[in-house]
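Heads up: the structure comes next, in structure tokens.
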Amino acid sequence: QSQPTAKRLMQLPGVGPLIATAIIASVGDATQFKNGRQMSASIGITPAQHSSGGKSRLLGISKRGDAYLRTLLIHGARSAMRAAKHKTDKLSRWITGLGERRHANVAVAALANKTIRIAWAMMQNQTEYQPDFNLG
């Protein structure tokens, strides 16, 4: 908790001291990853892909990598999703809309994926969390 990186990560919705320190312990240096998707894939929270004959199918999350960190991220995302119903920032509006269109567990996995990607950007650039940054 005394680490500046952990304090910055705790600004993310659904990330507390336990998740922040687990990210730092599991990932270490974020510069080892080229982008947030690589970091997310190393944890196993990106969709698995099965392609054949030019058709691409996205399956559930790949579940490769650190199961403990993935579990913590999912629990944190579930908590953030419940709290997002009462907030108006971009991330909260995005996850609320996604939760209305998709199954709740799919939305939670998507939020956990986005959380780790934002965490990568924060660790890579040594920046604070910006709630109204363009989510892309």
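The values are calculated or read from the model by the stated rules, or taken from the named source; none is laboratory data. Owing to the predicted nature of the structure, the values given are computational and were not obtained by experimental measurement. Neighbour counts are summed over all protein chains in view; Cβ atoms, including those assigned to glycine, are modelled from backbone coordinates with ideal geometry.
Things to note:
- The listed residues are ARG82, ARG57, and the only one of them that is free of Cβ contacts under 8 Å to residues at least 12 places away in the same chain, out of contact with any helix residue (DSSP H, G or I) (no Cβ under 7 Å at 6 or more places or on another chain) and either of a type in the set (Val, Ile, Thr) or part of a helix (DSSP H, G or I) (or both) turns out to be ARG82.
- Total residues in the stretch 22-52 satisfying the condition of being in a helix (DSSP H, G or I) and either aliphatic (A, V, I, L, M) or buried (at least 18 other Cβ atoms within 10 Å of the Cβ) (or both): the figure is 12.
- Hits in the stretch 85-136 - residues which are part of a loop (DSSP other than H, G, I, E, B), surrounded by 11 or more Cβ atoms within 10 Å (Cβ to Cβ) and either touching an Asp or Glu at 6+ places or on another chain (Cβ under 9 Å) or aromatic (Phe, Trp, Tyr) (or both): ASP89, TYR129, PRO131, PHE133
- Residues of the stretch 56-84 satisfying the condition of being surrounded by fewer than 15 Cβ atoms within 10 Å (Cβ to Cβ), of a type outside the set (A, V, I, L, M, F, W, C) and modelled with pLDDT under 90: SER56, ARG57, GLY60, LYS63, ARG64
- For GLY44: the one exception among (1) touching a Ser or Thr at 6+ places or on another chain (Cβ under 7 Å); (2) farther than 20 Å from THR71 by Cβ; (3) of a type outside the set (Phe, Trp, Tyr): (2)
- Test for ILE74: is it outside any helix (DSSP H, G or I), within 11 Å of the chain's Cα centre (by Cα), over 17 Å from THR5 (Cα atoms) and not small (Gly, Ala, Ser): no
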